[in-house]
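Here the structure comes first, spelled out in structure tokens, and everything after it is commentary.
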Amino acid sequence: MNQTIELKIKQHYVAEIANGYPLILKEAAEPLDETLDEGALFKIVRPNGKYVATGYYGKQNKGIGWVLTRNPQQEIDQDFFQGKIKSALQLRDEFFEDDDTTAFRVFNGEGDGIGGLTIDFFDGFYMLSFYSEGIYSFRNLIIEALKETVNYRGIYEKKRFNTNGQYVEQDDYVEGEVGQFPIIIKENGVNYAVDLNDGAMTGIFLDQRNVRLSLRENYSDGKTVLNTFSYTGAFSVAAALGGAYETTSVDLAKRSLPKTIEQFSVNGIDYEQHQIKVMNVFDYFQYAARHNMKFDVVVLDPPSFARTKKMTFSTSKDYPKLLKDALAITAPKGIIIASTNNASFDMKKFKSFIDKAFKESNQRYKILEQHQLPEDFVTPEDYPEFNYLKVCIIQLLK
Ligand code: SAH
């Protein structure tokens with residue numbers, strides 16, 4: 001049993017937590033006893049001692065834990081987790097019925113009532129991600145709850161926490177069938193190879209589903225497409241299937257080459273008709289500019305932070321510069337798909353980066369489409385700050 005302690009929060013934060021804000025901010029509470037183990041339950045009370053909510057102690061970048069319930073009688077047991085998982089599954093009925101899309105998120109942390117936990121579905125396999133030591137202390141209850149609720153082929157897990165935020169290499173298998181990876185999932189009819197036991201990432205970022213669909217349907221036919229920070233080339237595959245004349249995928253990780261070849265191949269596309277470059281995107285921009293290359297469509301989907309031997313890149317500081325580099329090699333009237341998953345700024349700020357870059361490049365533009373997290377990535381209704389994904393599809397006006 002996880003121990004329960006009383007956590008007094010400052011008056012200023014009471015209304016927000018009582019009304020539905022899910023995160024327990026560090027500054028909202030009195031300092032914690034250093035020896036307290038993560039996973040401890042918080043009975044969150046007002047300065048006068050009156051009950052507000054029940055939460056758990058789990059350290060993530062912004063907070064010290066998450067609210068689980070506002071009902072003082074609610075026990076945090078297997079039934080509790082089962083109830084949350086059941087409601088989350090019901091919300092995704094349509095995804096389960098759609099044969100063209102066999103991978104999606106079934107449980108999205110705070111949006112589904114348990115911050116720090118996500119569950120993704122990959123053609124019968126369930127993959128749980130635990131984002132703190134605290135939520136991991138409930139692992140067995142959560143896995144039992146899941147097993148009671150769904151029919152599964154297999155269950156995998158990712159521990160997305162440790163002392164320095166790095167993923168720890170481990171065997172992620174939990175239960176059921178041992179996956180013969182890669183398995184092939186479908187997204188709007190497109191095949192993607194997925195490996196649930198190969199480090200922190202699986203081969204596909206499910207939150208970009210609608211953006212990939214739009215790229216394929218609206219912006220690819222006959223076009224040259226540059227996909228930067230391309231990882232396994234998921235955007236390149238979408239573009240190729242949308243009729244792109246040629247795609248160029250650029251990523252500095254060596255694994256991106258075989259992984260991108262694989263993603264093309266599982267869709268019957270001849271990868272030799274496409275360019276796959278293992279190199280630093282910023283070097284590629286210089287190379288392309290020197291050779292006067294122009295692309296009809298440029299996809300920018302960088303990690304929030306990246307460090308190489310020569311430089312560091314942070315989306316919150318350097319996005320305008322990234323856009324300016326991209327603009328220099330985008331064809332007249334071309335399209336830039338600008339994306340970021342940095343939760344530290346909102347859509348308004350992101351658009352100000354776009355505006356700055358275009359002004360400084362003497363270019364005019366129009367935002368044709370705007371995307372945030374798709375329907376299966378449920379976020380808390382009144383708190384848009386948890387909707388971290390921001391994508392703008394931008395057309396150059398000259
Ligand atoms: N756009 C991808 C996901 C990007 S993940 C998709 O849709 O699937 C971030 C990727 O950026 C990683 O594969 C990483 O290797 C790559 N990366 C980070 N810094 C880079 C740099 N300076 N140049 C090229 N690739 C970089």
Problem - Residue in the range 265-281 that is within 13 Å of the ligand (Cβ to nearest atom) and under 24 Å from Lys390 (Cα atoms) present - result: yes
Practice task
Return a yes/no flag: does the range 354-366 have any residue that is modelled with pLDDT under 95, closer than 23 Å to Asp207 by Cα and assigned by TED's automatic domain parsing to the domain that holds Tyr284.
Solution key: no
Exercise for the section: Residue by residue through the range 170-219, note down the ones that are under 22 Å from Tyr156 (Cα atoms) and among the hydroxyl-bearing types (Ser, Thr, Tyr). Expected result: Tyr173, Tyr192, Thr202
Fill in the blank from the handout: Restricted to the range 285-297 and to residues being aromatic (Phe, Trp, Tyr) and touching a residue at least 40 places away in the same chain (Cβ under 8 Å), the residue farthest from Ile335 (Cα to Cα) is Phe285
Exercise for the section: Only strands (runs of 3 or more DSSP E) wholly contained in the range 280-348 count here; list those with 1 or more residues that are basic (Lys, Arg). Expected result: 305-307, 330-340
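The rows are residues; the columns are (1) surrounded by 12 or more Cβ atoms within 10 Å (Cβ to Cβ); (2) under 16 Å from Ile114 (Cβ atoms).
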{"site": "Ala15", "(1), (2)": "no, no"}
{"site": "Leu25", "(1), (2)": "yes, no"}
{"site": "Ala29", "(1), (2)": "yes, no"}
{"site": "Gly39", "(1), (2)": "yes, yes"}
{"site": "Ala53", "(1), (2)": "yes, yes"}
Exercise for the section: Considering only residues that are closer than 22 Å to Gln395 by Cβ and in contact (Cβ under 8 Å) with a residue 60 or more places away in the chain, look in the range 303-330 and name the one that is nearest to the ligand (Cβ to nearest atom). Expected result: Ala326
Problem - Criterion: crowded, with 22+ Cβ neighbours inside 10 Å, within 10 Å of the ligand (Cβ to nearest atom), at pLDDT 95 or above and hydrophobic (A, V, I, L, M, F, W, C) - qualifying residue of Ala253, Ala244, Ala240, Ala234 - result: Ala234
Handout entry: Test result for Leu300, within 16 Å of the ligand (Cβ to nearest atom) and touching a residue at least 12 places away in the same chain (Cβ under 8 Å)
Key = yes
Handout entry: Unmet requirement for Thr228, which otherwise passes all of (1) near the ligand (Cβ under 10 Å from one of its atoms); (2) not assigned by TED's automatic domain parsing to the domain that holds Gly268
Key = (2)
Handout entry: Among (1) within 15 Å of the ligand (Cβ to nearest atom); (2) under 23 Å from Gln273 (Cβ atoms); (3) out of contact with any strand residue (DSSP E or B) (no Cβ under 7 Å at 6 or more places or on another chain), the one test that Asp195 misses
Key = (2)
Practice task
Kindly list, by first and then second residue, each pair from a residue in the range 369-380 that is assigned by TED's automatic domain parsing to the domain that holds Leu213 to a residue that is assigned to a strand (DSSP E or B) and buried (at least 20 other Cβ atoms within 10 Å of the Cβ), limited to pairs with Cβ atoms under 6 Å and residues at least 6 apart or on different chains.
Solution key: Glu369/Ile393; Gln370/Cys392; His371/Val391; Asp376/Phe104; Asp376/Arg105; Phe377/Arg105; Phe377/Asn108; Val378/Asn108
Handout entry: Near pairs, Cβ below 8 angstrom, 6+ apart or cross-chain, from the range 249-267 (among the small types (Gly, Ala, Ser)) to any residue that is away from the ligand (no atom under 13 Å from the Cβ)
Key = Ser249/His274; Ser249/Gln275; Ser265/Tyr271
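The values are calculated or read from the model by the stated rules, or taken from the named source; none is laboratory data. Bear in mind that the values here come from a model prediction, so they are computed numbers and not experimental data. All Cβ positions, even for glycine, are placed from backbone atoms using ideal geometry, and neighbour counts span all protein chains on display.
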